[in-house]
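Just so you know, all these numbers are worked out from the coordinates, no wet-lab data involved. In this text, all values refer to a predicted model and were calculated from it rather than measured experimentally. Note that we place each Cβ from the backbone using ideal geometry, even for glycine, and neighbour counts take in every protein chain shown.
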Amino acid sequence: MSFRQFPATDANGDDYIVIEFKDELAATANTAADPHVRYELADGRHLVRDGRTFRTSGGELTLTT
């Protein structure tokens with residue numbers, strides 16, 4: 001398991017840190033849509049990625065990188 005952090009901003013200009021978790025052992029299949037990568041905020045909320053946009057599963061927060 002590895003991770004990286006990168007900054008993102010919401011519509012109000014507030015800053016957040018997105019954490020990307022990657023399961024390196026399971027990712028050896030090298031599929032185009034890697035199901036072994038997940039994104040979260042520091043408070044544990046899961047994010048769904050769509051290009052450079054991330055949103056919470058309920059849609060209450062949308063972030064751009």
So for 46, 36, fewest C-beta neighbours within 10 Å to most, what's the order?
-> 46, 36
Placing each pseudo-label 7 Å from Cα in the direction of the beta carbon, residue 20 and residue 61 end up separated by a distance in nanometres of 1.9
What list do you get for 15, 43 if you sort them by fewest beta carbons within 10 Å?
-> 43, 15
